[in-house]
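Q: This is the structure I want to talk about, given as structure tokens.
The values are calculated or read from the model by the stated rules, or taken from the named source; none is laboratory data. Here the structure is a predicted model, which is why all the values come from computation and not from measurement. Please note: Cβ atoms are built from the backbone with ideal geometry, for glycine as well, and neighbour counts cover all protein chains shown.
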Amino acid sequence: MPFQFRKEAIEEDLNRNFPSQGQGNPPLYYSLSEVVVPTYSVNSVAEGSGLPENLQTAWDFSTGSIQVSNSTYQTVINNTGFWLIDLSHAGYTQSTPGTDAIIRINDGASTKNIWARPSIAAGGAGVVVEGQVEARFVVFLRSGDTLEARAQITGADKLDIWYRQIATLNGQLINPLGFSFA
């Protein structure tokens, strides 16, 4: 014998939207009581085989960091894959407009700026404190690509960068170091 149930709210909604069915004569709940179809989510987070993004991208003991404080480009990352980048820049305004800090991808033949903080001319000699800015983003590095960074004014600009690989070159997610499903 099939499992039967009656939900008045569903019955009323069906009667309102399908008036030709006789307003419950025969009652519409009869057709609802024949089969109960279970539903479930088939994504990896729901089934317990994957972490939600905010947990999968957590900082861990594999997190790298670098502080850039000079005007020459320094290599931050030279491995392939998807990388979570978090940065904080504190700097000064120059007497002429320019760019206080830049992060770029270098493929050996050309470069592509992916983050920059422009400066505002101070309008005269000297410098004034510009304040701090923070950013968070993901970069993809192919074979031969490097992520590079520089700060404009040697010793005065501080660009702090934290990074962690979150997926391989082929998109396989990398869980935090030491994590395993129980």
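Q: If we keep just the residues of the range 126-169 that are at pLDDT 95 or above and part of a loop (DSSP other than H, G, I, E, B), which is surrounded by the most Cβ atoms within 10 Å (Cβ to Cβ)?
A: Top of the filtered list is Asp145.
Q: If you don't mind, there's one more thing I want to ask. How about the range 157-178: which of its residues are more than 23 Å from Glu134 (Cβ to Cβ) and not hydrophobic (A, V, I, L, M, F, W, C)?
A: Scanning the range 157-178 gives Thr168, Asn170, Gly171, Gln172, Asn175, Gly178.
Q: Now, a different point. Scanning the range 70-118 for residues that are more than 25 Å from Leu169 (Cα to Cα) and touching a Leu at 6+ places or on another chain (Cβ under 9 Å), which turns out modelled with the lowest pLDDT?
A: Gly91
Q: Give all pairs with beta carbons closer than 9 Å in which a residue from the range 57-69 that is closer than 21 Å to Ala90 by Cα meets a residue that is part of a loop (DSSP other than H, G, I, E, B) and of a type outside the set (Ser, Thr, Tyr); count only pairs at least 6 apart in sequence or on separate chains.
A: So the pair list comes out as Val68/Asp157; Ser69/Ile153; Ser69/Gly155; Ser69/Ala156; Ser69/Asp157.
Q: Considering only the range 40-53, I want to know if a residue exists there that is buried (at least 16 other Cβ atoms within 10 Å of the Cβ), under 30 Å from Ala182 (Cα atoms), within 19 Å of the chain's Cα centre (by Cα) and at pLDDT 65 or above.
A: Looking through the range 40-53, at least one residue is buried (at least 16 other Cβ atoms within 10 Å of the Cβ), under 30 Å from Ala182 (Cα atoms), within 19 Å of the chain's Cα centre (by Cα) and at pLDDT 65 or above.
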